[in-house]
1. On the basis of being polar (S, T, N, Q), touching a Phe, Trp or Tyr at 6+ places or on another chain (Cβ under 6 Å) and assigned to a helix (DSSP H, G or I), does Ser276 make the cut?
2. Quick one: which residue in Leu204, Leu134, Leu218, Leu157 is within 21 Å of Ala44 (Cβ to Cβ) and either in contact with a helix residue (DSSP H, G or I) (Cβ under 9 Å, 6 or more places away or on another chain) or among the β-branched types (Val, Ile, Thr) (or both)?
3. Check Thr506, Thr516 and return the single one that is among the β-branched types (Val, Ile, Thr) and open to solvent by 40 Å² or more (accessible area, probe 1.4 Å).
4. Inside the stretch 173-197, can you point out the residues that are in contact (Cβ under 8 Å) with a residue 40 or more places away in the chain and open to solvent by 40 Å² or more (accessible area, probe 1.4 Å)?
5. Between a residue in the stretch 370-384 that is within 11 Å of Ser461 (Cα to Cα) and in contact (Cβ under 8 Å) with a residue 24 or more places away in the chain and any residue that is open to solvent by 20 Å² or more (accessible area, probe 1.4 Å) and of a type in the set (Gly, Ala, Ser), which pairs come within a Cβ distance under 7 Å, given they are 6 or more apart or on different chains?
6. Looking only at residues in the stretch 52-86 that are open to solvent by 40 Å² or more (accessible area, probe 1.4 Å) and not in a helix (DSSP H, G or I), which one is nearest to Ala133 (Cα to Cα)?
7. May I ask you to verify whether Leu317 is touching a Phe, Trp or Tyr at 6+ places or on another chain (Cβ under 9 Å), aliphatic (A, V, I, L, M) and touching a residue at least 40 places away in the same chain (Cβ under 8 Å)?
8. Let me spell it out: the conditions are (1) farther than 26 Å from Ala62 by Cβ; (2) surrounded by 20 or more Cβ atoms within 10 Å (Cβ to Cβ); (3) of a type outside the set (A, V, I, L, M, F, W, C), and Arg160 meets all of them except one. Which number is the exception?
Amino acid sequence: MTTTPLDDTARLRATADFVREHDTASLLPLLLPGLDGPDRRALADSCRFSHAALLVLPPDRATLHAQLDAAGLHFDAEPQPSVVVRGRLARRHGRAEAELDVTILRPTVPGPQGGRTVEVFALIVPPGSDLEALAAHERAHQHEAHLAFELTRPEPLALRGLCALLTRHGAAPDGGGYNPHEDSTVLYFTAPAGSRTGYRRVELFAHGDHRAVLADHLGQDPARQPAEALLTQLTGAWTTQALAVAARLGLPDALDTRTSTAPDVLARDLGADPQSLATLLRYLTMLGAVAQHPDGYRLTATGALLRADAPGSMRPLALMYGGPFYRSFGELEHTVRTGQAAFDHLFGENHFDHFAKDPELAELFDLSMAASARMFDPLPDHPVVASAGSGTVVDIAGGNGELLGRLLTAHPRLHGLLLERPHAVEAARRQLDAAGLGARCGYVAGDFADVPADADVYLLSRVLHDWEDERCREILRHIARAMPAHADLLIVERLLPADGSTSLATAWDLHMRCNTGGRERTAEHYARLLADAGLHLLDHSPLPLGAAVLHARKATVPAPTEPALRAPAHAGR
């Protein structure tokens, strides 16, 4: 099914009209045809019709705002991150939550009733992105369209009573969640048979944290039975190996996104057992990496990221996570019991030394780091970089020069210095020379104690999470000593959420402890480490892939007045 942005505009307009035309008294008998007098009064006294909701999938933010204006829906509040709908989309389509940057907007519907809104869930789907199939499915099926009733007294007893009343009249539990960004709890139900509202789902909305009620509600949801959910989680290692094996076999490189290849032909070309490969292909289809057609299999946009020649290929990540890091995760118990890195326990040395002794493994590690480089996309526009003019940027432990190269390309007057281990310096030199940036870049082979002095901007990307706190303080002190008074430090890391919400950083925290002995941290934790080194954290801003950029200066230097970068977040909140 193909659609145009106008379809979302028409749906927004129709939803606004519905909200304008109905109130609690008119909706309840349509929603629950068998509702009798006492129960109807109990519902009407305990909750009110709050909003109607829909999911829109515009190609960009400007189109979203134009669609809202065209539907007569205006708002001036900041959009909030979605937790519940993002999770539902991720489960429904087999995606990682961090890939789905779903936001919530609640424009008020003009009219005599007042106080009611259209709840708009928005997921940007750029043309040609791998989200287009998801968008087509959601537009066709309208899974997230629902009516919502807000509790007038958001108390656990009242919420439990309304849940019981709805289920008694034929509504069935259909998920829900707690959104820490808004401190609100939502419980979803499927509408009973015979409902005449035109909506198949109903939401109970309550301000506050009602996760005890939510847990009981989810336990009744057939799609969220604990045993099934746990079994799905227990098989996560199979997913890692299936994707890694596909990459090692060269399966993504042997498939095309436009034409199909028969399984037996694919088995012959890859030198694989036909029956076992067919089983793997079925599993990869379930994961969304390939798609089955009558005449064979095709590669999806997601699977194409595993091709060796794909821009931003994630094949090295698959090989790394399905290789040495997969093996070390098998020793996670050692880390949890002792606090020591499982990688060191398994291989007899830390991963930096281990990789340095194996050129192929070292190259794979550098490539796996570069595979996540899309998190750097907004950094050339950071005010610190944009205002550096013809100054010098130092990339500390800059790997193959991916980040430094992006900044130098975006700002032709900038000069760069890259500090790295000797073998990595040569790889970076080759890459930056090939990009035509060699004349503006110098190289320092050394350690953190060799940070060049008197530069204007210092970069520290995905370094601190490798280390314990004391080593981080030592690294930051080296940097602080090298920084002149006017210099800025930009740190790229994943930040643990302070509110315990879903985040890629939580998974990476376990990964770092297991494989490097390091950890992810909250912004407040980084602020303390910086302060111990004589540096002051000024602000932090989101980056793609669940990352963030932290901006620091020497503690004696007053904070600059320029605004912080506000890059789109593609992660879990």
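The values are calculated or read from the model by the stated rules, or taken from the named source; none is laboratory data. Here the structure is a predicted model, which means the values were calculated and not measured. With ideal geometry, Cβ positions are generated from the backbone for all residues, glycine too; neighbour counts draw on all protein chains shown. Accessible surface is based on the protein model in full, side chains and every heavy atom, while ligands, DNA and RNA are left aside. Shrake-Rupley method; radii C 1.70, N 1.55, O 1.52, S 1.80 Å.
1. No.
2. None of the other options fit; the residue is Leu204.
3. Numbers: Thr516 fails: open to solvent by 40 Å² or more (accessible area, probe 1.4 Å).
Within the list Thr506, Thr516, the selection yields Thr506.
4. Result: His181, Glu182, Gly194, Arg196.
5. Ala373/Gly312
6. Asp60
7. no
8. In the conditions (1) farther than 26 Å from Ala62 by Cβ; (2) surrounded by 20 or more Cβ atoms within 10 Å (Cβ to Cβ); (3) of a type outside the set (A, V, I, L, M, F, W, C), Arg160 misses (2) alone.
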